[in-house]
Amino acid sequence: MSAPQVAARKSAELSVILPSFNEASNIPILVGLLDEALRGIDWEAIVVDDNSPDGTTEVAREIAQRDPRIRVIRRIGRRGLSGACIEGILASSAPYVAVMDADLQHDETLLPKMLAELKSDDTDLVVASRKVDGGTVGEGLSSIRAWGSNIANGLAQKLLNVTLKDPMSGFFMVRREKAEALAPKLSPQGFKILLDLVSSANGSLKIKELPFTFRERQHGESKLDTLVTLDYFGLLLAKYFGDVVSVRFLMFGLVGASGLVVHLAALRIFLLGDIEFNIAQTGASFVAMTSNFFLNNQLTYRDRRLRGTQALVGLLTFYAVCSVGVLANVGVANLMYADPAYWWFAGTAGAIMGAVWNYAASSALTWRKS
């Protein structure tokens, strides 16, 4: 595109938000596909990259130097699909914004139809759905992931009263002013920005679903792993309770719950080894704390993930934080244990106090913002 053409170029009518991590081989292909699919439409693509080690940012910037329709946001110290989508949407000035994966699994040829629906109707949000008539999962998901997606869809629909057939879809288009109005309510954590958007709107969005087939990934590897299940449940619980507590705190609590199982299993093993109970209990506590640290480091604080020597230092500070948390737990429980009939109330109050302390202190010390 020549300089005069660039100067005369209209502002974008549509921004396509492309959250990415390790998609260096896919970005050039996707830009070419968007150019073909969006002929006659004033569009731009905003690549929001989480500091990919494979050079995704550099590849996208090389394209942007030749094509002013491509913009790049490089995020450092921040991770997560939802947060990337929010930043991309807020960086747009176009009246319509689309969110799609950069891994070529979403069908870019559907974008013009989605845009036409928003422009010609009173629709606020158009979702590319695998669950309406004509839509299929195709070869994009394994049978296990497809089964898990169906369960996740059902939970979202029942717990949050979401009427979408496919609330787990990551491919949608929305009026920018609607998304921007809801942005303060959205969680930057997690992978399910659409579910968060719709549940935060409390039925105020006019939605239409269009069928599409989820394509098989051609390059790179999926960013989703089994830990994302905990992340998803954290989002569901946060929305179910009206965002009274943060998703991160709920994630911390879910990890802590898993730590109880680890603790009991370790305690049983130590006792079978004929180890004295107090020593076994102490050992099991450190096993559970270690498990909790690594799960939190991978999931709850993925955007502040510690590596190498930082992870070792973080583990030691986490031991210290949780040890004080035990004292806080016992102290509060003892203060409230006035009547033996209410042992459960004292124990619960102590556990909550310990959990709040562990979360606040570990956020400030172990996974403090850089």
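The values are calculated or read from the model by the stated rules, or taken from the named source; none is laboratory data. Bear in mind the structure is a predicted one, so any value in this text is a computation, not a measurement. Here Cβ is always computed from backbone atoms with ideal geometry, including for glycine, and neighbour counts include all displayed protein chains. We work out accessible area using only protein heavy atoms, side chains counted, and drop any ligands, DNA or RNA first. Shrake-Rupley method; radii C 1.70, N 1.55, O 1.52, S 1.80 Å.
Looking only at residues of the range 77-101 that are open to solvent by 10 Å² or more (accessible area, probe 1.4 Å), touching a Lys or Arg at 6+ places or on another chain (Cβ under 8 Å) and outside any loop (DSSP other than H, G, I, E, B), we find that the one that is nearest to LEU38 (Cα to Cα) is TYR96. Scanning the range 284-310 for residues that are open to solvent by 20 Å² or more (accessible area, probe 1.4 Å) and assigned to a helix (DSSP H, G or I) yields a total of 15. Condition test on LEU186, is it at pLDDT 80 or above, within 17 Å of the chain's Cα centre (by Cα), open to solvent by less than 20 Å² (accessible area, probe 1.4 Å) and closer than 27 Å to ASP50 by Cβ? Against the criterion (at pLDDT 80 or above, within 17 Å of the chain's Cα centre (by Cα), open to solvent by less than 20 Å² (accessible area, probe 1.4 Å) and closer than 27 Å to ASP50 by Cβ), LEU186 does not qualify. The residues on offer are SER25, SER82, SER52, and the sole one that is of a type in the set (Gly, Ala, Ser), in contact with a strand residue (DSSP E or B) (Cβ under 7 Å, 6 or more places away or on another chain) and within 27 Å of MET168 (Cβ to Cβ) is SER52. Among the residues of the range 41-50 satisfying the criterion of being in a loop (DSSP other than H, G, I, E, B) and in contact with a helix residue (DSSP H, G or I) (Cβ under 7 Å, 6 or more places away or on another chain), which is least open to solvent (accessible area, probe 1.4 Å)? Ranking the qualifying residues of the range 41-50, first place goes to ASP50. With respect to (1) under 24 Å from LEU197 (Cβ atoms); (2) in contact (Cβ under 8 Å) with a residue 60 or more places away in the chain; (3) charged (D, E, K, R), the lone exception for ASP67 is condition (1). Among the conditions (1) modelled with pLDDT of 85 or more; (2) surrounded by 15 or more Cβ atoms within 10 Å (Cβ to Cβ), the only one that ILE269 does not satisfy is (2).
For the range 272-287, the set of residues classified as aliphatic (A, V, I, L, M), modelled with pLDDT of 85 or more and either closer than 15 Å to ASN358 by Cα or touching a helix residue (DSSP H, G or I) at 6+ places or on another chain (Cβ under 7 Å) (or both) consists of VAL287 only. Of all the residues in the range 173-190, those that are of a type outside the set (D, E, K, R) and not in a helix (DSSP H, G or I) number 7. Among the residues examined, PHE345 does not qualify as among the aromatic types (Phe, Trp, Tyr), open to solvent by 60 Å² or more (accessible area, probe 1.4 Å) and either in contact with a strand residue (DSSP E or B) (Cβ under 6 Å, 6 or more places away or on another chain) or modelled with pLDDT of 70 or more (or both). Would a scan of the range 324-338 turn up a residue that is modelled with pLDDT of 85 or more and either part of a helix (DSSP H, G or I) or closer than 19 Å to ALA257 by Cβ (or both)? No: zero hits.
So for the range 158-179 (the condition being surrounded by 22 or more Cβ atoms within 10 Å (Cβ to Cβ), touching a helix residue (DSSP H, G or I) at 6+ places or on another chain (Cβ under 7 Å), among the acidic types (Asp, Glu) and modelled with pLDDT of 70 or more), does at least one residue qualify? Within the range 158-179, one or more residues are surrounded by 22 or more Cβ atoms within 10 Å (Cβ to Cβ), touching a helix residue (DSSP H, G or I) at 6+ places or on another chain (Cβ under 7 Å), among the acidic types (Asp, Glu) and modelled with pLDDT of 70 or more. Contact annotation: residue pairs with Cβ atoms under 6 Å, 6 or more positions apart or on different chains, pairing a residue in the range 25-50 that is farther than 21 Å from LEU81 by Cβ with a partner that is open to solvent by 10 Å² or more (accessible area, probe 1.4 Å) and of a type in the set (Ser, Thr, Tyr), are ALA37/THR109.
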